[in-house]
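The values are calculated or read from the model by the stated rules, or taken from the named source; none is laboratory data. Quantities reported herein were computed from a predicted structural model and do not represent experimental measurements. Cβ placement follows ideal geometry from the backbone for every residue including glycine, while neighbour counts extend to all protein chains displayed.
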Amino acid sequence: MKLFPAHTRGSADYGWLNSHFSFSFAGYYNPTRLGFGDLRVVNDDLVAPGQGFDTHPHKNMEIISIPLEGELEHRDSQDNHQRIGVGEIQVMSAGTGIQHSEYNASNSERVAFLQIWIQTNRPNTAPRYDQTSIPTTEILNQFFKVVGSPDDNAPLFIYQNASIYLAKVDTDQKLNLPEVKEGRGFFLFVIEGTAQIDAFTLSARDALEVTTPGLFSVELSKNSYVLLIEVAL
């Protein structure tokens, strides 16, 4: 297991955008933090009211957005125009190429969201977009798979043998993690609250990489909210 405290992440402040990078991204480069298996990006973005990312291209990447605060407006070259807010998740398979923009839908409130990039295992497919609501009851006091592979029974899928789980607890809870299998690993990211796993204590925005096969549990403090990403190493 490796602990990555929040303060060790890369960061950038452009005025309209404040970002923290778990892995090398844009102007932040760390040769020891180039990704975690198929996981390439976990960006923690805060966008000022009425601001956002102008239209830009992507290709052959699975991109997942999870709003944490406010509402995000999405437009792309496939004629998708949607808004997503807290309790919703968006996936985009860039495939042969797609252009999109992401804006804060409010002119008065900021928007915060996590953006996750996972390497595709099906390059040059037709681009696709999807989003869904995840009821709080589904992720309450358990790890619920919100994104999986096309063969999984998950609300959303990406073109990769990877899984994304969310869990939120309303009291102090010990939750079992899915089994870590040989050749795979978990990236545990604390969105809110605190988590204890083995000898490691994590606070908000801390992350832990788990690469040892086996069964593990995590102790979460009341009102904690955590993200778990499973990928091939």
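Can we say Ser108 is surrounded by fewer than 17 Cβ atoms within 10 Å (Cβ to Cβ), in contact with a Gly (Cβ under 9 Å, 6 or more places away or on another chain), hydroxyl-bearing (Ser, Thr, Tyr) and in a loop (DSSP other than H, G, I, E, B)?
Against the criterion (surrounded by fewer than 17 Cβ atoms within 10 Å (Cβ to Cβ), in contact with a Gly (Cβ under 9 Å, 6 or more places away or on another chain), hydroxyl-bearing (Ser, Thr, Tyr) and in a loop (DSSP other than H, G, I, E, B)), Ser108 qualifies.
Does the range 135-143 contain any residue that is crowded, with 17+ Cβ neighbours inside 10 Å and closer than 23 Å to Phe186 by Cβ?
Yes.
Which one of these is at negative phi, part of a strand (DSSP E or B), of a type outside the set (Asp, Glu) and not assigned by TED's automatic domain parsing to the domain that holds Asn161: Gln78, Gln82?
Gln82
Can you tell me how many residues in the range 187-230 are part of a loop (DSSP other than H, G, I, E, B), hydrophobic (A, V, I, L, M, F, W, C) and under 22 Å from Phe113 (Cα atoms)?
Number of matching residues: 1.
Looking at Asn80 and the list (1) touching a His at 6+ places or on another chain (Cβ under 7 Å); (2) closer than 16 Å to Gln115 by Cβ, which single condition is not satisfied?
Among (1) touching a His at 6+ places or on another chain (Cβ under 7 Å); (2) closer than 16 Å to Gln115 by Cβ, Asn80 violates only (2).
Taking the range 70-95 only, how many residues are under 22 Å from Phe144 (Cα atoms) and either within 14 Å of the chain's Cα centre (by Cα) or without any contact (Cβ under 8 Å) to a residue 24 or more places away in the chain (or both)?
Summing the residues that are under 22 Å from Phe144 (Cα atoms) and either within 14 Å of the chain's Cα centre (by Cα) or without any contact (Cβ under 8 Å) to a residue 24 or more places away in the chain (or both) in the range 70-95 gives 8.
Given the criterion β-branched (Val, Ile, Thr), surrounded by 21 or more Cβ atoms within 10 Å (Cβ to Cβ) and either farther than 22 Å from Arg40 by Cα or touching a Pro at 6+ places or on another chain (Cβ under 7 Å) (or both), identify the matching residue among Val218, Val180, Val231, Val210.
Details: Val180 fails: surrounded by 21 or more Cβ atoms within 10 Å (Cβ to Cβ); Val231 fails: either farther than 22 Å from Arg40 by Cα or touching a Pro at 6+ places or on another chain (Cβ under 7 Å) (or both); Val210 fails: either farther than 22 Å from Arg40 by Cα or touching a Pro at 6+ places or on another chain (Cβ under 7 Å) (or both).
Result of the check over Val218, Val180, Val231, Val210: Val218.
Identify the residue in the range 8-23 that is in contact with a strand residue (DSSP E or B) (Cβ under 7 Å, 6 or more places away or on another chain), under 25 Å from Gly185 (Cβ atoms) and without any contact (Cβ under 8 Å) to a residue 24 or more places away in the chain and, among all such residues, is surrounded by the fewest Cβ atoms within 10 Å (Cβ to Cβ).
Ser11
In the set Gly15, Gly50, Gly37, Gly10, which member is at negative phi and not hydroxyl-bearing (Ser, Thr, Tyr)? If you could, list the steps in order and put the result at the bottom.
Working: Gly15 fails: at negative phi; Gly50 fails: at negative phi; Gly37 fails: at negative phi.
Answer to the selection: Gly10.
Could we say that Pro57 is touching a Gly at 6+ places or on another chain (Cβ under 8 Å) and closer than 19 Å to Lys145 by Cβ here?
no
In the range 111-149, how many are assigned to a loop (DSSP other than H, G, I, E, B), without any contact (Cβ under 8 Å) to a residue 40 or more places away in the chain and within 18 Å of the chain's Cα centre (by Cα)?
2
Right, Gly183: within 19 Å of the chain's Cα centre (by Cα) and in contact (Cβ under 8 Å) with a residue 12 or more places away in the chain or not?
no
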